[in-house]
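Where a number appears in this text, it was derived from the coordinates with a stated rule and is not lab data. Since this is a predicted model, take the numbers as computed values, not measurements. Cβ atoms come from the backbone with ideal geometry, glycine included; neighbour counts cover every protein chain shown.
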Amino acid sequence: MVLQKIMDDLEKLGTENDQNQSVKSKKYLNITRDTGEFLFVLVKATGAKKILEIGTSNGYSTLWLASALPENGMVYTIEANPQKVAEASVNFDKAKVNSKITQLVGDVSEVLNEVPENVDFIFLDADRKTYTTLAEQLCNLLKNGGLLVCDNATSHRSELEEFIAWLNIQDNLSISLVPVGKGELLVYKGENSLKEILNA
Ligand SMILES: C[S@@+](CC[C@H](N)C(=O)[O-])C[C@H]1O[C@@H](n2cnc3c(N)ncnc32)[C@H](O)[C@@H]1O
C-alpha cells in the first residue's frame, strides 16, 4: 500500500478512536502530521541511521522515522502495550518498512538495555514521568553529535519541568524548543554547547 494512504488511514483512525475512547491506554495518542513531517526532515538532515523511539503506540510516528532512513538504517522502538505492539507490526508490514524496524516489547526500564550504543537519534514519546529517571541512560546511549527529540514540550510543559531542568545543567547539551505540533524539544549532544558558547 502507498505510504500516503497508510498515513491518511492512521490519522483518521487515531482521531476517531481517541475522540470516542475514554480508556487512556486504548488511545493511540499519535503525533501530529506536521510533527511526522518534521521528524522525517530531521532524520534526513542529520543522516541518522540508528534511531531509538520510546512509545511506539500503533506505529504512526515510527513509520515517519523509518521512511526517512536509508535501507541499512534501523529504528528500535519500545512499547509496553501488547495490543499496540501487534497493531504496529501490521502497519509496518503494510508499509513494507519492517526490515528497518526492531520492536522491543516491554517497559522501557526493562528493554532499554537491548538497544545498541551510539544511537544517532532518539524520539521520546511515552510516559513523561519516567523521563528524568531515564535521562542519564538516554544521554549515554546517544552518540556525541546525536539529537534527542521530545514530544509534548508545549502541550505538557509542566510535566517535563524536572526533565528539562536536568537537561539544562548538562554542559554538553544544547536545547531548543520548536513550536511544531505539541511542541518539540530538540536536544543536541556535543561539545561547544549553546550554554558554553554564551558563557565563554
Ligand atoms: C503518546 S503514545 C506514543 C504515540 C506514538 N509515538 C505515535 O505518535 O504514533 C505513548 C505510548 O507509550 C507507551 N508507554 C508509556 N509508558 C511506557 C513505558 N514505561 N514503557 C514502554 N512503553 C510505554 C504507551 O503504551 C503508549 O502507547
Legend entry - Test item: Cα-centred dipole of the chain, Lys/Arg +1 and Asp/Glu -1 on Cβ, debye: 380
Inset, instruction - Could you give the C-alpha radius of gyration of the stretch 1-139 expressed as a fraction of 2.2 N^0.38 Å, taking N as the number of residues it contains? - result: 0.99
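So which of LYS5/LYS143; LYS96/LYS195; LYS5/LYS100 end up more than 31 Å apart, counting from Cα to Cα? Intermediate values should be presented prior to the final figure.
Values: LYS5/LYS143 34 Å; LYS96/LYS195 42 Å; LYS5/LYS100 20 Å.
Distance filter (> 31 Å) returns LYS5/LYS143; LYS96/LYS195.
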Inset, instruction - Using a Gaussian network model of the chain whose springs link C-alpha atoms within less than 10 Å, name the residue from ILE31, ILE78, ILE122 with the highest mean-square fluctuation. - result: ILE31
Inset, instruction - Go through the stretch 65-82 residue by residue and turn each phi into a ³J(HN,Hα) via Karplus (6.51, -1.76, 1.60, θ = phi - 60°); whole Hz please, and just put x for glycine and proline. - result: 5, 5, 5, 7, 7, x, 4, 8, x, 8, 9, 8, 10, 10, 8, 8, 7, x
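Restricting to Cα pairs below 8 Å that are 6+ residues apart, what does the relative contact order work out to for the chain? Please round to a whole percent.
Numbers: 339 pairs, mean separation 34.5, N = 200.
Once normalised by length, the contact order is 17 percent.
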